[in-house]
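Engineer: Sharing a structure, written as structure tokens. Questions coming.
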């Protein structure tokens, strides 16, 4: 814990320093996506339920996933760029597993905060109300999504030590989350061949679970647990890569 405390303190000081801009981002991001994605698409997509309520899940997923991915990947990029920072950390008794865990936890905390802001904002704009059981089910699905994208950001941050390449990846990821995985446009509207490929990715069904929780539909637990397995695989791969990128401990 003594080795971890300085890192936690540094992250807290970093947050305090940029708190206003970070909170402003948490507020503006869901509003911008709601205005630019949900409202225009509501004019063209017809569902059995109100589209704006259904697409709230897309706002939560896109914003919290992107924030989690962004925080962890940029954190690792700073390690690559700022040699003095990583040298100081590697001289401490902290292990690679502790370092990776701290980065994933940091990304997840930011992602959860973004999700809380997003669900409050969309619920206010759409005048939507959720029961305690709905909120519990939504949160149980969202936490796995956020953890998975935090871990993915860590993995990409380790293997891509180039800021411009990461920016391209952010753009591709946002396009996938917003228009390619059924978060704003139901997968029924896509060609069958494309859907058959996308539905082989377990987290796609976790996205569907969030949408199902909004309308009290059944949850697909198999793919939920498969996504948890995928999360652990990503963490193990990241840990292996750290032994090559940083050091052996």
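Each reported figure results from applying straightforward, stated rules to the coordinates on display, with no laboratory input. The shown structure was predicted, so the numbers you read here are calculated from the model rather than taken from an experiment. Glycine also receives a Cβ, built like all others from the backbone with ideal geometry; neighbour counts cover every protein chain displayed.
Engineer: Enter the angle in degrees (range 0 to 90, nearest 10) between the Cα long axis of helix 5-17 and the first principal axis of the Cα atoms of the chain, meaning the one along which they spread out most.
Structural biologist: Helix 5-17 and the main axis of the chain meet at about 50 degrees.
Engineer: Right, another one. Among [x] 14.1; [y] 15.8; [z] 17.6, find the value of mean projected area of the Cα convex hull in nm² that was calculated from the structure presented, and write down its label.
Structural biologist: It is the value labelled [x].
Engineer: Please work out how much length the chain gains when fully extended from residue 200 to residue 36, using 0.36 nm per residue of separation minus the C-alpha to C-alpha distance, in nm with one decimal.
Structural biologist: Separation in residues times 0.36 nm, less the Cα-Cα distance, equals 56.2 nm.
Engineer: To continue, here is another question. Please arrange 224, 110, 194 by how many other C-beta atoms lie within 10 Å of their C-beta, fewest to most.
Structural biologist: Working: 224 17, 110 22, 194 11.
Placing the least packed residue first, the sequence is 194, 224, 110.
Engineer: While we're here: Could you tell me the relative contact order of the chain? Use alpha-carbon pairs under 8 Å, at least six residues apart, and round to a whole percent.
Structural biologist: Rounded, it is 27 percent for the chain.
Engineer: Counting other beta carbons within 10 Å of each Cβ, put 181, 142, 37 in order, fewest first.
Structural biologist: Values: 181 22, 142 25, 37 19.
Going from sparsest to densest Cβ surroundings: 37, 181, 142.
Engineer: Taking the chain as the reference, fit the longest principal axis to its C-alpha atoms, fit the long axis of helix 132-159 to the helix C-alpha atoms, and give the angle between the two in degrees, 0 to 90, nearest 10.
Structural biologist: Tilt relative to the chain: about 40 degrees.
Engineer: Among 152, 166, which comes first, then next, by fewest other beta-carbon atoms within 10 Å?
Structural biologist: Placing the least packed residue first, the sequence is 166, 152.
Engineer: To the nearest 10 degrees, how steep is helix 202-214 against the longest Cα principal axis of the chain, on a 0 to 90 scale?
Structural biologist: Compared with the principal axis, the helix lies near 50 degrees.
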